[in-house]
Amino acid sequence: MTTTSPAPAGTDGVAGRTAWTDEQLDAVFAPVFARIAEGAVAREQGRALAHDEVGALRAERFGALRLPVELGGYGATVRQQFRLLVDLAAAESNLPQALRVHWWYVDDLLLAAPGPDRDARLAAVAGGELVGNAITEPGVGAIDRYRTALTPDGDGGYRLNGTKYYSTGSLYSDRILVAADLDGERVSVLVDGDAEGVVQHDDWDGFGQRLTASGTTVFTDVAVSADRVLGPGYGSAGRSWGTSYLQLVQLAVLAGIARRATDDVAGWVRERTRTFTHAAADLPRHDPLVQQVVGRLSAAAWSSRALVLTIADQLDRLLDAGGEDPDLLDRVELDVAHAQAAVIPAVLDATTQLFEVGGASITSEKLRLDRHWRNARVISTHNPLIYKLQTVGDHVLNGTDLPYAWSAGTR
């Protein structure tokens, strides 16, 4: 796959190049994000999946941010990646969520031992390949064991059968990371999105984050070669950096939503001339009550982004140390839980109160400002705050271990 991305300044295109700076990354991706943002309202109105927009990200190898430069990536730190994920979420909040398992997959590969399979997968990412997921199941889910089963086929390979839902991002992706059961063992399986026996449905019906391609995926006798079975699957016992990493993507989405809501509302208020007879100023932009609402939005956006980047710095240290330090794992897991308790209420409140800056005209379907609250409300349900706060309280009071790769289903 070709790319229009320029080489970093002062590099020669061979091993030993320096990683890209924030300024160089912005030069590539800020124009792409701006184009994506232009069509956000129209996509929302028509429920049009963002295939072209994902294509634009793929063309610039956005999925290769974390790959070292010598492997065809940008050499971005975790902090740099999450800074860009906030920017992308401000342009289109559906896309970072749709691709969140991709980032986890790439960092998991980077931590793995060198080998031909690993090298081939990293090369595919460098070429623009994107990976979606099929982890969650209806019914019992993974509380007992996955009902999606991987069984030997007698020829050294396997067959995959089962049904997943909330297959976030898979319709945008080249490959799908599937959580399956192999004779009582949880495994991850890498399946081509267009493989025979894979049927994907765009049937996600949530009232927000409508374009994440989080539909149902059915696997029927899908052939899986032995090299596509990647090892322990999501939900395996023990500490994992992946839990905090995946949750941080969702907080980055919330930070981006708050920023886009701030920009949208501020732009609307600046142009507005109508106000009320009992308002404190002739123009809404001069009204201290309106200014207070916009200030609250801006503060929610700023503080959310600051928390995301603070935890991203910790993930940088954790992953640089190999991702297995138990003290660092517990610290990051607790901190991302604390951040959820701060970010979710702040963004939900601000995206609700934004409607106070105007009369009924601010609820126009043409503006779709309601999408900010709807999107924030839906992304916040993925790790319900009531359960997160309980686990934090139990940990503080009783020293109880934090839950890591938890699952949802019928108990």
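The values are calculated or read from the model by the stated rules, or taken from the named source; none is laboratory data. All values derive from a computational prediction rather than experimental measurement. Counting neighbours? That spans all protein chains shown, and the Cβs are built from the backbone with ideal geometry, glycine included. SASA here: full protein model, heavy atoms, side chains in, ligands and nucleic acids out. Shrake-Rupley method; radii C 1.70, N 1.55, O 1.52, S 1.80 Å.
Put simply, of G75, G39, G55 the only residue that is at pLDDT 95 or above and closer than 26 Å to L309 by Cα is G75.
Could you tell me whether segment 279-299 includes any residue that is under 28 Å from T168 (Cα atoms) and either free of Cβ contacts under 8 Å to residues at least 12 places away in the same chain or exposed (fewer than 13 other Cβ atoms within 10 Å of the Cβ) (or both)? Looking for residues that are under 28 Å from T168 (Cα atoms) and either free of Cβ contacts under 8 Å to residues at least 12 places away in the same chain or exposed (fewer than 13 other Cβ atoms within 10 Å of the Cβ) (or both), one finds none in segment 279-299, hence no. Would it be correct to say that L289 is closer than 30 Å to P96 by Cα, of a type in the set (A, V, I, L, M, F, W, C) and assigned to a helix (DSSP H, G or I)? In short, no.
This table checks each residue for (1) open to solvent by less than 40 Å² (accessible area, probe 1.4 Å); (2) over 22 Å from K366 (Cβ atoms); (3) within 20 Å of the chain's Cα centre (by Cα).
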residue: A27; (1), (2), (3): no, yes, no
residue: F33; (1), (2), (3): yes, yes, yes
residue: E44; (1), (2), (3): yes, no, yes
residue: R47; (1), (2), (3): no, no, yes
residue: A56; (1), (2), (3): yes, yes, yes
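Listed here are the helices (runs of 4 or more DSSP H) enclosed by segment 309-411 that have at least 2 residues being open to solvent by 40 Å² or more (accessible area, probe 1.4 Å), in contact with a helix residue (DSSP H, G or I) (Cβ under 8 Å, 6 or more places away or on another chain) and closer than 30 Å to A266 by Cα: 326-353, 370-380. The set of residues in segment 86-111 that are touching a Gly at 6+ places or on another chain (Cβ under 9 Å), of a type in the set (A, V, I, L, M, F, W, C) and open to solvent by 20 Å² or more (accessible area, probe 1.4 Å) comprises W104, L111. Looking only at segment 170-199, residues that are farther than 18 Å from A142 by Cβ and crowded, with 21+ Cβ neighbours inside 10 Å come to 4 in all.
Look at segment 115-130: where a residue is in contact (Cβ under 8 Å) with a residue 40 or more places away in the chain and a partner is surrounded by fewer than 17 Cβ atoms within 10 Å (Cβ to Cβ) and among the aliphatic types (A, V, I, L, M), sitting 6+ places away or on another chain with Cβ atoms under 6 Å, you get L122/L71; A126/L71; G127/M1; G128/M1. Restricting the first member to segment 309-331 and to residues that are hydroxyl-bearing (S, T, Y), and the second to residues that are open to solvent by less than 50 Å² (accessible area, probe 1.4 Å), the beta-carbon pairs closer than 9 Å and six or more apart or on different chains are T310/D335; T310/A339.
Just for segment 133-166: of the residues that are without any contact (Cβ under 8 Å) to a residue 60 or more places away in the chain and assigned to a strand (DSSP E or B), which one is farthest from the chain's Cα centre (by Cα)? So the residue we want is P152. Against the conditions (1) open to solvent by 40 Å² or more (accessible area, probe 1.4 Å); (2) in contact with a Lys or Arg (Cβ under 9 Å, 6 or more places away or on another chain); (3) in contact (Cβ under 8 Å) with a residue 40 or more places away in the chain, G233 satisfies every one except (1).
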